[in-house]
Structure formats: C-alpha cells, structure tokens
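Below is one structure, written out as structure tokens; comments come after it.
The values are calculated or read from the model by the stated rules, or taken from the named source; none is laboratory data. A quick note: this is a predicted structure, and the numbers were derived from the prediction, not measured. Cβ placement follows ideal geometry from the backbone for every residue including glycine, while neighbour counts extend to all protein chains displayed.
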Amino acid sequence: MKFIIPAFFYSFFLFAQAQYPKDYFRPPLDIPMQLSGNFGELRPNHFHAGFDLKTNQREGLNVYAIADGYVSRIKISTFGNGKCIYITHPNGYTSVYGHLQTAFGPIQDYVKKTHYAEKAYEIEMFPKPDELPVTKGQVIGLSGNTGSSEGPHLHFEIRDSKTEFVINPIFFGFDQNLKDTKKPVLSSLYVYPLDNATVNQSKQPLLLSMTLQKDGTYLAGKVKSNGKMGFGINAVDSDDVSHNRNGVFNVSTFLNGNQNYNYQFNTYSFDEMRYINALIDYPRYKKSSQRIQKLFMKTFYPLSIIKTDSLRGIVSAEPNVASIYRIEVSDYFGNLNSINVPIEYDTAIPLVQSEPVTSKYFVRYNKDNIFEKDNMSVFFPAGTFYEDFNMNFDVRNNKVYIHDDTVPVHSNFTITIKDTTYPESLRDKLYIGRGTSHNGTIRKGDTFTAKAKVLGAYGLVLDTIPPVIKILKPIEGKWISSDKKIDFTIGDAASGIKSYNGYLNGSWVLFEYENKSRRITHVFDEQYLVEGENFLKMEVIDNVGNSTIFETHFYRSQQK
C-alpha cells in the first residue's frame, strides 16, 4: 500500500506568538498562584476568558493592581463577573478583576457614590483617566464570590486595550508562578462518519479504543471507512499544584505527517465566544454533559483560534491507500500527549444505520428561514445556526414546538404569537416563555414577539402572582442597635425579578443582591438612621409589573 498526502488550498501555519512583556505585571494576589480554571477552558456557551485564581476557599483577600494605570471601568452585576474592576495600563493592556467582594479605598467610595446617585445596585461606570489612578501593588479590592461564581476565587484577565481581545495571561510571565510537568489527559476518542460514509460498519459516531504504547503515546483501534470522516477528543489538563481538570492549550492533527488542523488558546474576541458550541459535539454535550472537541469543521465558522487546511480537518479513506492520522495535545509548558489512528479503506456493509429522519422541515444555516402555523411563527435569520439540519416544527396546545435544545443556536431568532383569548386587562401580564422562563416580550395589540437563543417549546405565560419578600430575622418593633445589617430573600415563581428598592426613613438605601442565595442585604449607614424609631420599606417588581411591598419599623440607638 502507499500513503497519500492531501493537497492544501492554502498553506497551514502554526500560531506565531506575539511578544508580550514578561516582567511588567505582578500577580494580582499575594498568595502562591493556583488555578481553578485556565484560559480557553470550555464553559457553557463560551470559552473562559482568563485565569480563575484560588483564594484558599475564602473571601476577603487583598487584590492588587498588577501595574500602574487607571480604573477605566467598574461593573456591578448580579451575574457574570459580579463586582468587577478594569484597569487600563500605559503599555496597551487592560487587566480585569472579577467576583470581588468589594472594591477598596477611593474606588469603593466612587462605587458607593454612584449607587446612590443612580439609586441602583447594578451599575456600570467608566471613570476618566485622571479620576481613579492606581499604582502597581495598590490594593484595589477584596476577593469574593459575587456574580456567577461557584465558589470563592478571583477571575483575572488581560485584554488588548484597543481591540478588547482577551489574551492568555500565561504569556505575560505568569508561567514563572506555575509548575506543570503533567501531560494533558486524553480520555476518549470519537470518529464521525460524514456525507453518508460508513466507519467500522457504522453510519453513526463511534467511540474508538485506545491502547497505551511503550513510548507513552496511544494507538487507536483501526478505522475502516469508505469515505469522509472527522475526529473528536475529550481532553483535559492539570498542573503540579492545583490538580483541577482544566482546559488544554494546543491541539494539532496530522495526516501522514502533514498538519491539517490546529487550535491554540492565545487570544480571541468576545464576539467569537459562542463558537464553542460549534467546536464541541453539542448534541452529545446536551445529552451527557460530555464536551467532545471536534477536530474538523463540517461547515466553516470563523473562530480565529482555528487554523486548518482546505478540507477543514476532514479526512477521507481512499482505495488502496493506508493512512496514519495523529492527534497531539499539549500544554503551554510543552507537555504533550498523542494518539495515532490507522485508517484503511473498506466497503463492508454497515451494521449500524444513520439515525432515521422524522422531521418534516429542512433548515439551511446560511439562509433566512421562516415557519408558520396557526397563530404562531418563528423567524431564523441567516447565520442563526452553524450547519444545515432537519427540524421538527409544530403548533399544538397553545405552544410552538421548535425542535429541541440539542441543536445549538448562535444568534437570536424571533418568535411571534397572536392571541385574542385573554382580556385586555391581562395582556400586560403575558410574556413568551420556555416553561416559565422569561423572554423579553414586546406586545402590540394582540401580537406578542420575543427573541430567543434556545430551541424548545414556547408559549404565552400568564403571570399575575406578585414576588415574595421574606425577612430573615424579624425586627418588627424591636431594638436592634447592635445589628450591622439587615437581610431579605426575594423571589418570583414565573417572570422573575426585574427590580427591587429599599427605603429607610423615606430615603433610598443600597441593598446588595446575591443571586445564588436570592438574598438582598443592607449594611446600616448612620446617615440614614435616626435615634429611636426607624421605618423600612422594600418594594420588589417582577418582569410583567406585579409588585410586592414589605414595610416594618424598628428601634435603634445611635448613642455610642
């Protein structure tokens, strides 16, 4: 037999690493650097944009400016990075510090002043360069667990100040703070028959066996096919200290020694984040929570970290040709693991057929698509999906059924529902939802429209139930002079909380919201308290306008 080398439409090249300053930045914490998450790690609907730094499983550690600069942005949110500070540095980079417990010093004074000026907890500020200057090593905040954090840690990023591209922090000399002698772990290998090909007598994806060789590499079971195929891997990486199962840095594939596919987590834009759903085997992820990284593109998508040949990483088995396909997975420190996959042409009759197609509709990913039935319609602009697929669509029992959530959606599609069954008095309490989840809905007369990014069953949801407010420690008529704060939990069973406001003796006061516990907290400030009897009012409004008001009074002595 002979080996075949594929022709390249354009030359393949490895990523050229830019020259980043190695000794300009200091670490943002003063404890040894340990990663609980690394750059590019696979997360729901996005790649991780920086480092997650461990904080010894506690909050309140000092967070330092990594270099001179000025605070250029501060965002306080109940989700995402929670309390987050951005520092622009004179060398062209911006550092980001997320999930903070609180800002510190003049920065916190600035934040508090803005909370009260805007009468809101969720705020975003863009200070001018001369308003909040910082020096290298200055404490800017305390580490925390705010936003979507699943435990105390510091989220840390470095961005290009002009382009806003995130850059792997390891390039800035932080590799000196880490120790890693461990190879990435390759736990599974899949092969995907394409264009009606058969692989090992199957027209459906297959898990391939892998055997460890004496040289430390893996040899996969032989692949016999009569056509095109792609491969996918499940791979993670860890270092010598943190032991977390983090993402891999570099993946390269070779056909008969010629590189045909590569991605490396150097830098990318936020606009590219959602392409993670094209990179992974999304249906498998939704069904099993397993993220298989595909090493081919069935259809092209513009994710800049990927470099490939004209065949987009797709491999073909040809008559009278034996090939070797190799996968290499490596970390920044050069630790490498690899799999060799022997490929032969074979015309054996398939024993496992493709999954039967039961849907009535076919969606082309690069065309506008609209589907209508009865009083409901769905519009998919071109580019909503990553590839063509057969879609189930139906309207029944006052719901529109739009396939299921195993097909990833890249950008918003529009759902329109016309309904005349509800009286005018209730129409403002209706919204389009998937289950009871709320999608921002616009009503014009008896027509409702909403944007969505997940396939599934949608319908009109009526919400007339007001939110719930519960005080955690009853204070009605009590003396609470020694209490430093007051806590409530708030919730809404349907459309969700839109806003909340607390008032102390008639003045708006800051309540901070923690979405994981649904707790809102006010830390007492003497300027809003009076000697003796104090009056507290809390108002919570949901997304369709239902509101609940809680009122109480308590006594407090201001004498010290």
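Tell me which residues, restricted to region 363-379, are part of a strand (DSSP E or B) and more than 16 Å from Tyr282 (Cβ to Cβ). Matches in region 363-379: Asn369, Ile370, Phe371, Glu372, Lys373, Met376, Ser377, Val378, Phe379.
Table: residues versus (1) of a type in the set (Lys, Arg); (2) more than 20 Å from Ile442 (Cβ to Cβ); (3) without any contact (Cβ under 8 Å) to a residue 24 or more places away in the chain.
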residue: Glu372; (1), (2), (3): no, no, yes
residue: Asn375; (1), (2), (3): no, no, no
residue: Ala382; (1), (2), (3): no, yes, yes
residue: Phe393; (1), (2), (3): no, yes, no
residue: Lys399; (1), (2), (3): yes, no, no
residue: Asp405; (1), (2), (3): no, yes, no
residue: Pro408; (1), (2), (3): no, yes, no
residue: Phe413; (1), (2), (3): no, no, no
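Residues Gly69, Gly50, Gly40: which one is assigned by TED's automatic domain parsing to the domain that holds Phe172, among the small types (Gly, Ala, Ser), modelled with pLDDT of 95 or more and under 18 Å from Pro152 (Cβ atoms)?
Values: Gly69 fails: under 18 Å from Pro152 (Cβ atoms); Gly40 fails: under 18 Å from Pro152 (Cβ atoms).
Sole residue among the options that is assigned by TED's automatic domain parsing to the domain that holds Phe172, among the small types (Gly, Ala, Ser), modelled with pLDDT of 95 or more and under 18 Å from Pro152 (Cβ atoms): Gly50.
Scanning region 61-88 for residues that are part of a strand (DSSP E or B) and of a type in the set (Val, Ile, Thr) yields Val63, Val71, Ile74, Ile76, Ile85, Ile87, Thr88. Of all the numbered requirements in (1) within 28 Å of the chain's Cα centre (by Cα); (2) in a strand (DSSP E or B); (3) crowded, with 19+ Cβ neighbours inside 10 Å, Ile170 misses one, and that requirement is (2). The residue of region 331-362 that is surrounded by the fewest Cβ atoms within 10 Å (Cβ to Cβ), among those that are modelled with pLDDT under 95 and polar (S, T, N, Q), is Thr358. Could you grab the pairs with beta carbons closer than 6 Å, sequence gap of 6+ or different chains, first residue in region 167-184 and more than 14 Å from Phe39 (Cβ to Cβ), second one hydroxyl-bearing (Ser, Thr, Tyr)? Hits for this filter: Lys182/Ser238.
Here is a yes/no grid of residues against (1) among the hydroxyl-bearing types (Ser, Thr, Tyr); (2) outside the structural domain of Ser507 (by TED's automatic domain parsing); (3) touching a residue at least 60 places away in the same chain (Cβ under 8 Å):
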position	(1), (2), (3)
Arg73	no, yes, no
Thr78	yes, yes, yes
Cys84	no, yes, yes
Val111	no, yes, no
Lys128	no, yes, no
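Ile158 satisfies every condition listed in (1) surrounded by 22 or more Cβ atoms within 10 Å (Cβ to Cβ); (2) out of contact with any helix residue (DSSP H, G or I) (no Cβ under 6 Å at 6 or more places or on another chain) except (2). Where strands (runs of 3 or more DSSP E) fall entirely within region 380-484, those with at least 1 residues that are touching a helix residue (DSSP H, G or I) at 6+ places or on another chain (Cβ under 9 Å) and over 24 Å from Phe300 (Cα atoms) are at 441-444, 447-452, 456-462. Taking the conditions exactly as written (at pLDDT 95 or above and either under 25 Å from Asn168 (Cα atoms) or part of a helix (DSSP H, G or I) (or both)), does Ser148 satisfy them or not? In short, no.
Could you say which residue among Leu219, Leu207 is in a strand (DSSP E or B), aliphatic (A, V, I, L, M) and without any contact (Cβ under 8 Å) to a residue 40 or more places away in the chain? If you could, list the steps in order and put the result at the bottom.
Values: Leu219 fails: without any contact (Cβ under 8 Å) to a residue 40 or more places away in the chain.
One residue alone meets the criteria, Leu207.
Of all residues in region 413-440, those satisfying the criterion of being over 18 Å from Asp394 (Cα atoms), surrounded by 14 or more Cβ atoms within 10 Å (Cβ to Cβ) and under 24 Å from the mean Cα position of the chain (by Cα) are Ser437, His438, Asn439.
In the list Leu189, Leu207, which residue meets the criterion of being within 32 Å of the chain's Cα centre (by Cα), surrounded by fewer than 18 Cβ atoms within 10 Å (Cβ to Cβ), closer than 27 Å to Ala322 by Cβ and at pLDDT 95 or above? Spell out how you get there, then give the answer.
Details: Leu189 fails: surrounded by fewer than 18 Cβ atoms within 10 Å (Cβ to Cβ).
Step by step, each of Leu189, Leu207 is checked, and only Leu207 is within 32 Å of the chain's Cα centre (by Cα), surrounded by fewer than 18 Cβ atoms within 10 Å (Cβ to Cβ), closer than 27 Å to Ala322 by Cβ and at pLDDT 95 or above.
For residues in region 252-266 being in a strand (DSSP E or B) and touching a Pro at 6+ places or on another chain (Cβ under 9 Å), which is farthest from Leu186 (Cα to Cα)? Checking each candidate, the answer is Asn258.
Would you be able to tell me the number of residues in region 35-54 that are within 22 Å of Lys136 (Cβ to Cβ) and in a loop (DSSP other than H, G, I, E, B)? Even if it seems obvious, please write down each step before you answer.
The initial filter retains those residues of region 35-54 that are within 22 Å of Lys136 (Cβ to Cβ), namely 50-51, 53.
Narrowing the set further to residues that are in a loop (DSSP other than H, G, I, E, B) leaves 50.
The total comes to 1.
Looking across region 504-517, the residues that are touching a strand residue (DSSP E or B) at 6+ places or on another chain (Cβ under 6 Å), buried (at least 16 other Cβ atoms within 10 Å of the Cβ) and not acidic (Asp, Glu) come down to Leu504, Val509, Phe511, Tyr513.
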